[in-house]
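The values are calculated or read from the model by the stated rules, or taken from the named source; none is laboratory data. The model shown is predicted, which means the values in this text are computed figures rather than measured ones. Glycine also receives a Cβ, built like all others from the backbone with ideal geometry; neighbour counts cover every protein chain displayed. These area figures cover heavy atoms from the full protein model, side chains too; ligands, DNA and RNA do not enter into them. Shrake-Rupley method; radii C 1.70, N 1.55, O 1.52, S 1.80 Å.
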Amino acid sequence: GGRSQRRGPAGGRALLLLPAVLLGLCCRAAAERLRYAIPEELATGSLVGPLARDLGLSADELPARKLRVASAGKKRLKYFTVSEENGNLYVSERLDREELCGKSASCSVSFEALVHNPLNVFHVEVAIEDVNDNTPRFLQDSFHLEINELTSPGARYAVGVAEDADVGSNSLQDYKLEANGYFAVEVKENQDGSKFAELVLRRALDREREKSLRLMLTALDGGDPPRSGTAQLWINVTDANDNPPVFAQDRYRVSLREDVPPGSRVLNVSASDADAGINAHVTYAFGKTPAKVLQKFVVDASSGMITLQEMLDFEDTQAYTLLLEARDGGGLVAHCKVDVEVMDVNDNVPEITILSVPSPVPEDAPVGTVVALLNVNDPDSGENGQVTCELSGEAPLTIVASSGGSYKVVTASALDREQAAEHRVTVVARDRGSPALSSRTELVLEVSDVNDNAPVFVEAAYSAYVRENNAAGALVARVSARDADAGANGLVSYWVAGGSAGEAGAAPLVSVEARSGAVYAQRSFDYEQCREFALTLRAQDGGAPARSSTATLRVFVLDENDNAPRVLWPAPAAGAGPAAAAEPPAFEVVPRSAEAGYLVAKVVAVDADAGRNAWLSYELVQASEPALFRVGLHSGEVRTARAVSDRDAAKQRLVALVKDHGQPALSATATLHVVLAESLQEALPELSDRDDVSELTSNLNLILVVSLSVVSLLFVSTVMFAFFSKCRQSR
C-alpha cells in the first residue's frame, strides 16, 4: 500500500491534522499537501494510504464530514477512490507509469481531498514509482550489414537502438554481443542520454574464408532481475571494392529553433566516392534510427538533403542524433552522425557587459580586491526585467551588487598561482519571468606569479652507479628540481654544496652542470680504492630573494674485471732472479695404493675484484696422465680420478687453470708436482733434482730433531710432576 505521508513540497515533516483544529477552521481552503508513493501496476483495490487518519478524521466523523476526492482540474479522477467506511485511499484503476509520464524522471498524480462541516480542501499527491515491467526491445528483430573484406580493423557501425519504457536503473543499461573472432560491441550515449550499440571491427575480414556472420546482439536493462531483448545481426562480407563513400564530415552539428515550420531544410550532407560508374553513385538513407526520430526528419536519397517533417518541441526533446549512411553502387557504406540541437524560443534574455577586467592580478593580492566590473541589462519590463546575478564555478571570487545594475567581482580568499594560474567563472544573469530567462558569460582572471616557492628536488636522495675505469667527463647522474613558480622565479640552477665529493690534495671527483643538473665524473674511479661516496647538491631559483633546497647524491662505483686471480698455493715459481731459481718446486706424495677420489692437494687462489668478477673456477689444463687426476670446479681440490696403478709414471706434473667469471674472464695457472710412492723415502730416489732431495732431507732432519725435543720435554715434565706428588703425600 501507501507510504508515510509528508507535508510540503520537500516532504520533510509528518502531517498531523487534529480534529479540534479542523472544526475551528470552517470554510477555509487549507494549502496542506499529503504525499504517498506507490509502485505502478498495483491491482485495483490496493491500499494507497489511510487518508482519513492522515487528515485527522476518526471513523465516527466520516459520515458527517463527507470525505471525498476530486481531480484538481476538469478531468474526472479515475485512478483513486476513497472508502466511505474507513476513509482509506484505494487504487480504482490500473496505473501505468509509462502511459502517465513517459520517460520523465519523476511521475505523480495530484488531486484534492474535500471534507465538509466545516469545508476544507487538502492537496494530495501520489508518486508513481517505476517497476521493471518493460523489456528492452529493438526496433527490428534483425539487422543486416554489408561490410567489405578490405575494411580496416577499428571500423565502427551503428547497429541499432533498443527501447525500454522504464526509467532510472530499470532502463536500458548495456549491450552484449555473442562471442566471435571479428567484432565487439561498444555502448555509446546520445546527447539525450539514450544508449545505442556500435559494432567495432577488431580483426580483418576474409570473404574467401567466411562469407557471412550471424551474431546475437542482446540489450540489458538494470532491473533486478534484469530483462533483456535480442536481435540478430546478419553481416555479409562483400568482395573487394577500391573506395567507399566518404562523408565530408564524420559528425555534423546543426541548431534549429523549435518554431521552425515543417518542410524546412535542416542540413545537406554530402559524401563523395573516388570510384567511377555505378560504384561512384551514392544514395543516402537513415541508418538504425529510432522511430521517434524518423517521424521528425526525412532525407532525400539522391541529394542528401535532410528535411523537417513534424514540428519540434523543445520541452519534449532538446536534441536528436541522426545516423546517416551513404551507399555506393558497389554496396560500400559510409556512416556519419548529425546532431540536431533544438533551441528554445525566448523574447529577451538579460545582457551582460564586462566593463573592466584588470588582469593579471598578483597572487599576493589582499582579499576583497576588485577584479572585474559588470553591467547587466534586460530590455524586458516588470518582473521579466528584474535581474539577479551570480557566479557559477569554483573560484575564490564573489560578486557584489552595486548601483544602477552594476556589479563588482572581488576576491573572496587568497589567490595561489601554483594551484590555479587562471580562474574561469561563469556570470549567470537570470530574470524573474515565468519561465525565467537567463544568460551567461565567462569571466577569466589571470593570476601573476610571486616567488613564494623554493625549488623541490624530484627525489630527496639520489643514487648513481658508475663502473670503475670510467672516462673522465662521463655522465654520472642527472638530478632535477622543480619550482612551481614561473619565469625567473622558476628558473633553477645547480651546484655542489658539500659532502665527500673531493679528496685532500686531489681534484674533485664530480662536477654538476648548472642548468641541466647533469653530474659528470672528473676522473676515472677505482672500485678497489673507493667503492662509494656522497655529496650534497643545491638547487636555487632566480627569484629575488632567491630560494633554494638541497638533495643528497650517493655514487656507487661498480666493479670491473680488471684483476686476474692470484694463486696462493702452490706458490707460483718465480720466473726471474737467482733466488727464485734456487727455490725448489713444491710436490705432493701420493701412495700407489690410493683409490679414486684421494685428495692430492688443494689449489688456493684469490681475486681482488668483487661479485661475479671474483667467482673462481678451476680446471685441469695439463697433466702427465690426464685420466689420473681431476680438479674440483669450485673447490680447487685435486683428487685422483681413478685408482693409481703400477703402470703410472712415478713423477707427475699438473697444471691447473684458475679463471674468474668476469667479461672477459681473466685467469692464472698453478703448477703442481706429484710423486707416486708409498712413502717419502721411496719417493726420494724418484726426484731427479738433487737439490730437491737435499732440501727434503734437511726438512726431515729438522722435523726429527723437533719431535725428539718435544718428547724429551714431555718426559722431564712427567718425572717432575710425579716427584712433587710424592713429596706432598709424604708431608
Worksheet item: In this structure, does PHE143 turn out to be of a type in the set (Phe, Trp, Tyr), in contact (Cβ under 8 Å) with a residue 40 or more places away in the chain and closer than 24 Å to GLU163 by Cα?
Response: yes
Worksheet item: Pick from LEU172, LEU201, LEU177, LEU220: which is modelled with pLDDT of 85 or more and either open to solvent by less than 20 Å² (accessible area, probe 1.4 Å) or in contact with a Lys or Arg (Cβ under 6 Å, 6 or more places away or on another chain) (or both)?
Response: LEU201
Worksheet item: Within the group ASN469, ASN489, which residue is touching a Gly at 6+ places or on another chain (Cβ under 7 Å) and assigned by the TED database to the domain that holds ALA534?
Response: ASN489
Worksheet, complete the sentence: Heads up, the strands (runs of 3 or more DSSP E) in segment 374-449 (entirely inside) with at least 3 residues that are crowded, with 18+ Cβ neighbours inside 10 Å and touching a residue at least 40 places away in the same chain (Cβ under 8 Å) are 422-431, 438-448
Practice prompt. Of all residues in segment 647-665, count the ones that are surrounded by fewer than 15 Cβ atoms within 10 Å (Cβ to Cβ), over 30 Å from GLU468 (Cα atoms) and modelled with pLDDT of 85 or more.
Written response: 2
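Rundown of residues vs (1) assigned to a loop (DSSP other than H, G, I, E, B); (2) of a type in the set (A, V, I, L, M, F, W, C); (3) in the same structural domain as VAL254 (by the TED database), yes/no style:
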position: THR151; (1), (2), (3): yes, no, no
position: VAL159; (1), (2), (3): no, yes, no
position: ALA165; (1), (2), (3): yes, yes, no
position: ALA197; (1), (2), (3): no, yes, no
Worksheet item: Would segment 41-58 turn up any residue that is assigned by the TED database to the domain that holds PHE111, of a type in the set (Asp, Glu), closer than 26 Å to SER106 by Cβ and at pLDDT below 85?
Response: yes
Practice prompt. May I ask you to list the residues in segment 100-143 that are of a type in the set (S, T, N, Q) and either assigned to a strand (DSSP E or B) or more than 13 Å from ILE38 (Cα to Cα) (or both)?
Written response: SER104, SER108, SER110, ASN117, ASN120, ASN132, ASN134, THR135, GLN140, SER142
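Yes/no per residue for (1) modelled with pLDDT under 80; (2) touching a His at 6+ places or on another chain (Cβ under 6 Å); (3) acidic (Asp, Glu); (4) within 30 Å of ASP541 (Cα to Cα):
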position: THR411; (1), (2), (3), (4): no, no, no, yes
position: GLU422; (1), (2), (3), (4): no, no, yes, yes
position: THR426; (1), (2), (3), (4): no, no, no, no
position: ALA429; (1), (2), (3), (4): no, no, no, no
position: LEU437; (1), (2), (3), (4): no, no, no, no
position: THR441; (1), (2), (3), (4): no, no, no, no
position: LEU445; (1), (2), (3), (4): no, yes, no, yes
position: ALA454; (1), (2), (3), (4): no, no, no, yes
Worksheet, complete the sentence: Checked against (1) over 30 Å from LYS292 (Cβ atoms); (2) open to solvent by less than 10 Å² (accessible area, probe 1.4 Å); (3) assigned to a strand (DSSP E or B), ALA52 satisfies every condition except (3)
Fill in: Condition met for VAL159 (closer than 27 Å to ALA334 by Cβ and surrounded by 20 or more Cβ atoms within 10 Å (Cβ to Cβ))
yes
Worksheet entry | Unmet criterion (only one of (1) open to solvent by less than 60 Å² (accessible area, probe 1.4 Å); (2) part of a loop (DSSP other than H, G, I, E, B)) for ASP192 | (1)
Item to complete: State whether one or more residues within segment 137-148 are polar (S, T, N, Q), at pLDDT 85 or above and surrounded by fewer than 20 Cβ atoms within 10 Å (Cβ to Cβ).
Response: yes
Discussion item. Tell me whether segment 615-625 contains one or more residues that are surrounded by 14 or more Cβ atoms within 10 Å (Cβ to Cβ) and in contact with a Gly (Cβ under 8 Å, 6 or more places away or on another chain).
Written reply: yes
Discussion item. If a residue counts only when it is among the polar types (S, T, N, Q), which strands (runs of 3 or more DSSP E) contained entirely in segment 257-344 have at least 1 such residues?
Written reply: 265-268, 283-286, 305-308, 319-327
Practice prompt. Go through (1) open to solvent by less than 40 Å² (accessible area, probe 1.4 Å); (2) touching a helix residue (DSSP H, G or I) at 6+ places or on another chain (Cβ under 9 Å); (3) farther than 24 Å from ASN243 by Cβ; (4) among the charged types (D, E, K, R) and name the single condition ASP273 misses.
Written response: (3)
Discussion item. Given (1) at pLDDT 85 or above; (2) among the hydrophobic types (A, V, I, L, M, F, W, C); (3) farther than 24 Å from PRO626 by Cα; (4) open to solvent by less than 90 Å² (accessible area, probe 1.4 Å), identify the lone condition not met by ALA670.
Written reply: (3)
Discussion item. Looking at the structure I just gave you, is ARG207 open to solvent by 70 Å² or more (accessible area, probe 1.4 Å), at pLDDT 85 or above and not aliphatic (A, V, I, L, M)?
Written reply: no
